[in-house]
1. From the backbone phi of the stretch 48-54, what are the Karplus-calculated ³J(HN,Hα) couplings (6.51 cos²θ - 1.76 cosθ + 1.60, θ = phi - 60°) in whole Hz, Gly and Pro given as x?
2. Quick check: net charge around residue 33, other residues with Cβ under 12 Å of its Cβ, Lys/Arg +1 and Asp/Glu -1?
3. Using only protein heavy atoms and a 1.4 Å probe, report how much of residue 33 is accessible, in Å² to the nearest 10.
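The values are calculated or read from the model by the stated rules, or taken from the named source; none is laboratory data. If you're wondering where the values come from, they're calculated on a predicted model, not measured in any experiment. FYI the Cβ positions are ideal-geometry reconstructions off the backbone, even for glycines, and counts take in every protein chain you see. The accessibility values were calculated without ligands, DNA or RNA, using every heavy atom of the protein model including side chains. Shrake-Rupley method; radii C 1.70, N 1.55, O 1.52, S 1.80 Å.
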Amino acid sequence: MSAKIREDVRGMSGVERAAALLMALGEAQTARIFGLMTDEEIKELSSAMATLGTVSSRSEEHTSELQSP
């Protein structure tokens, strides 16, 4: 089974971008953020995180740039 690697964040939905960002932040930070969210939001993001596969570090950097105001 080969790992899927997402390279291009421009083709990602907002939920997928948020999921990639949370994956990049790590478990402790993600847990803190999840503590501020509703159950439905957590389910949506968790589902996106599970289906994203591997996200390249280049995509993670670009995702964080896109999230900035």
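1. Ordered by residue, 3J(HN,Hα) equals 5, 4, 5, 8, 5, x, 7 Hz.
2. -1
3. Here the residue's solvent-accessible area equals roughly 60 Å².
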